[in-house]
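Quick notes on the structure that follows.
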Amino acid sequence: MTTLLSSPPASHNIVSELLAPLLETAQESESLIASQHPVLIGNQRIEIPKFMLLGARGGGKPIRLALFAGLDAGLPESIIALARLLFEFELNPALARDYALFAYPVVNLPGFDENPLPLRAFEGRYRKETTDADVEFFKGELRKWFFDGMITLRTDLNAEGFYATVRSEVLAREVVEPAVATAGKTIPLHESPIRIRPSDRHSRLSDYVQGRLAPPADIRPYPFEIELFAPGRIPTEDRVRGLFVAVHEILRHYRDMISHAQNL
């Protein structure tokens, strides 16, 4: 099997190089489906990569989970971590049992161009009633699929330790905290590694208006949201490993929590 690069190539065409092995694997896979959606950003034609992975069938309706990466301009670790996760789940669908994963490896496409634009530029376009095709694509995906949850992979260049944000105290305690603790066995954790954000409709509407990657506040049911932040003050490969482990463990703990709740 072809493996992903463990460190970024020098070429500005980093996204294509990182995802080419995954696209190739999807061509012969029964569980991993790849698609590329061409859009125009200004006068530039760019393809938005998307992957769908169906885990082994368990009981009941699959959990629809969106995984987002590639938000932070020029920082490829979230892309690499997400691709490695898809490789692992494609090889062993039992690890993704009960899940239908919708993976978006690169949200901020202009952030990985020769002259990368920061995330705030994407958010500025997202908060407007814009017709930019890449923004409309992601808004459409969030409206269309009614995700049960969203996990976003990020990097905080100023952080010295790994941390996560989540809107639910229950998810924080049962899912995110043990997942982050596992990641912390190999990388440093922030002194406050779990941060709980407000979950009321006003807060969600404020996020959407400010351009955060989120569905409209009136979506029902609203997906749970988890953001994972790898610290910038550790090597790239360590950031990749922290994000990889945290998502892996979140999926496992969330499935266990749901299964336990159904058996009560």
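A short reminder: the numbers here are calculations on the coordinates, not readings from a lab. Here the structure is a predicted model, which is why all the values come from computation and not from measurement. With ideal geometry, Cβ positions are generated from the backbone for all residues, glycine too; neighbour counts draw on all protein chains shown.
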Return the long-range amide H neighbours of Val107 (sequence gap of 5 or more, or a different chain), with a cut-off of under 5 Å between placed amide H atoms.
Ala69, Gly70, Leu71
Scan the chain and note any complete DSSP helix (H) whose C-alpha atoms cover at least 20 Å along its axis and whose Kyte-Doolittle average is 0.0 or more.
14-27, 77-91
Suppose every K and R has +1 on its Cβ and every D and E has -1 on its Cβ; what is the size of the dipole of the chain about the Cα centre, in Debye to the nearest 20?
700
Packing-based order for 194-204, 37-47, 248-258, using average beta carbon neighbours within 10 Å, highest first
248-258, 194-204, 37-47
How high is the FRET efficiency between Ala94 and Ser199 when r is their beta carbon distance and R₀ equals 35 Å, given to the nearest 0.05?
0.65
Take every Cα-Cα pair in region 15-132 and report what % of them are more than 16 Å apart.
62
What are the ³J(HN,Hα) values, in whole Hz, obtained from phi via the Karplus relation 6.51 cos²θ - 1.76 cosθ + 1.60 with θ = phi - 60°, for each residue of region 160-173 in sequence order, with x given for Gly and Pro?
9, x, 6, 8, 9, 10, 7, 8, 10, 5, 5, 4, 4, 6
Pull up all non-local amide H partners of Ala230: gap of 5 or more, or a different chain, and H-to-H distance under 5 Å with H placed in the peptide plane.
Arg154, Thr155, Asp156
Please work out how much length the chain gains when fully extended from Ala121 to Glu160, using 0.36 nm per residue of separation minus the C-alpha to C-alpha distance, in nm with one decimal.
11.5 nm
If you restrict to DSSP beta bridges whose two residues both lie in region 14-263, what percentage is antiparallel, to the nearest 5?
45
Mind checking Rg over Rh on region 14-263, alpha carbons, Kirkwood formula for Rh?
0.93
Contact order relative to length for region 14-263, counting C-alpha pairs under 8 Å separated by 6 or more residues, stands in percent at 21
Take the alpha carbon atoms of region 53-112, find their center, do the same for region 229-248, and report the distance between the two centers in whole angstrom.
15
